[in-house]
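Each remark here refers to the structure printed beneath this line.
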Amino acid sequence: MQSNPYPVPLNNRKLTWFAWGVTALVSVAPDIAFNEILGFIPAWLLTVKIGILIGLCLTAIFWTPLRPLRNYFLILIAFFGLNALRSSFDFTLPFLQKLLGGSVFDARMQAEQTGKLAVSIAMILVLLILGYKRKQFFLTRGDLKAPIDPVPWLGFPKRDPWPKFGLQWGFYIAIALAVFQYLGLRPGADQMLNIIPILPSILFYAALNAFNEEIVYRSPMLATLEPIGGSKHALWLAAYFFGIGHYFGVPGGLVGGILSIFMGWILGKGMVETRGFFWTWWIHLLSDIAIFSFLAMSLV
């Protein structure tokens, strides 16, 4: 299995659209529909999603035309299974909370992020077992100065280097998130000052969360879909799955979901164009610093 240079062309149109349908079916879209129509999300919905994926995976093993999507179905099964399994364990580590300061923010974040890290490590192992090299699922620095695919509507009509694009959009997105949250929380000066002692924890958990979400949401989808749907479809599929998942997160709701899809596209763009992890992680880090700072304000 050899690494492909960017851009990877569309290989199979029918399978690509089938992947779109499956991704929409097992994403948060059905959860949103049930929540909006019935006011709750059925407990059986996750089981049905995993059952559909297991059925598709078994079909792909025995039916040759569907076989190229087998690994994609497997990493989605791993995604749902590992996250469900994570909720069965208590990842609370008092010594780590104390090491980082023992604030209420540490108590809120430590178990969650340690659990996410366990899922990330397990997902890396799944990809390695499936035969992917680190470079194939972008767990490498990549070409930091690679040229971008021009985006005229974002003000980049030329193949500018990624440092120019990544630095600008990293701060643009973080500032937009900060303004969005400020308008919602309206923190006072005392709340802002109260988070200064816990800034090391905010930076640590923001860096860890950025790593975890890129490994779990982005790397596996791009690695398994890019050879079939090409770079552009793989990028948008990963952006959709990541973004719509934030409907119930921060920022949430319809607007939050749309903004998160856009952010997912920027992050995926960084990964496929540089063939590495750094710029995607950096942009995600800045965004999480903004989010976690306001979360800390609400807690302290």
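The values are calculated or read from the model by the stated rules, or taken from the named source; none is laboratory data. The shown structure was predicted, so the numbers you read here are calculated from the model rather than taken from an experiment. Here the Cβ positions follow ideal geometry from the backbone for every residue, glycine too, while neighbour counts run over all protein chains shown. In case anyone asks, the SASA skips ligands and DNA or RNA and just uses the protein heavy atoms, side chains included. Shrake-Rupley method; radii C 1.70, N 1.55, O 1.52, S 1.80 Å.
Placing +1 on the Cβ of every Lys and Arg and -1 on the Cβ of every Asp and Glu, with no other charges, gives the chain a dipole of roughly 880 debye about its Cα centre.
Computed on the range 1-126, the Cα convex hull volume stands at 183 Å³ per residue.
Close amide H partners of Phe156, meaning residues 5 or more places away or on another chain with modelled amide H under 5 Å apart, are Val151. Once you have a ≥ b ≥ c as the square roots of the Cα gyration tensor eigenvalues for the range 74-115, tell me rounded if a/c is under 1.5, and otherwise prolate or oblate according to whether a/b is larger than b/c. Cα axes put the range 74-115 in the prolate bin.
Per-residue extension of 0.36 nm, minus the Cα-Cα distance of Leu185 and Leu85, leaves a gain of 32.7 nm for this segment. Positive end of the dipole of the range 40-191 (Cβ unit charges, origin at the Cα centre): among Val119, Ser103, Leu76, the Cα lying farthest that way belongs to Leu76. In terms of its C-alpha gyration tensor, the range 25-94 has an oblate overall shape, because the principal axis ratio a/c (a ≥ b ≥ c, square roots of the eigenvalues) is not below 1.5 and a/b does not outweigh b/c.
With contacts taken as Cα pairs under 8 Å and at least 6 residues apart, the chain reaches a relative contact order of 28 percent.
Overall form of the range 141-182: oblate. Here a/c, set by the Cα gyration tensor axes a ≥ b ≥ c, is 1.5 or more, and a/b is not larger than b/c. Could you sort out which of Lys145/Lys232; Lys14/Lys269; Lys49/Lys145; Lys98/Lys145; Lys49/Lys98 sit more than 28 Å apart by Cα distance in this structure? With Cα atoms farther than 28 Å apart: Lys49/Lys145; Lys98/Lys145; Lys49/Lys98. Relative intensity of the range 54-174 on a log10 scale, I(q)/I(0) at q = 0.10 Å⁻¹, equals -0.59, per a Debye sum over C-alpha point scatterers of equal strength in the absence of solvent.
The length gained by stretching the chain between Ile37 and Leu167 to full extension, at 0.36 nm per residue less their Cα-Cα distance, is 42.7 nm. The value given for the chain is a Kirkwood hydrodynamic radius of 20.2 Å, derived from the mean inverse Cα-Cα separation.
Phi angles across the range 239-255 convert, under the Karplus curve 6.51 cos²θ - 1.76 cosθ + 1.60 with θ = phi - 60°, into 3J(HN,Hα) values of 5, 4, 4, 5, x, 5, x, 8, 4, 9, x, 10, x, x, x, 4, 5 Hz, Gly and Pro given as x.
Placing a label point 7 Å from the Cα of Val250 along the Cα-to-Cβ direction, the residues of the range 161-189 whose backbone N falls under 14 Å of that point are 177-187. Taking the Cα centre of the range 1-124 as reference, the dipole from Cβ charges on Lys and Arg (+1) and Asp and Glu (-1) amounts to some 420 debye.
In the chain, the calculated helix contribution to ellipticity at 222 nm averages -23000 deg cm²/dmol per residue, counting -39,500 (n - 2.57) for every DSSP H run with n ≥ 4. Going by accessible surface with a 1.4 Å probe and the largest first, Trp169, Trp63, Trp20 read Trp63, Trp20, Trp169. How are the Cα pair distances of the range 183-227 distributed, in percent, across 10 Å bins from 0? Once binned at 10 Å, the Cα pair distances of the range 183-227 give 22, 28, 26, 16, 7, 0.
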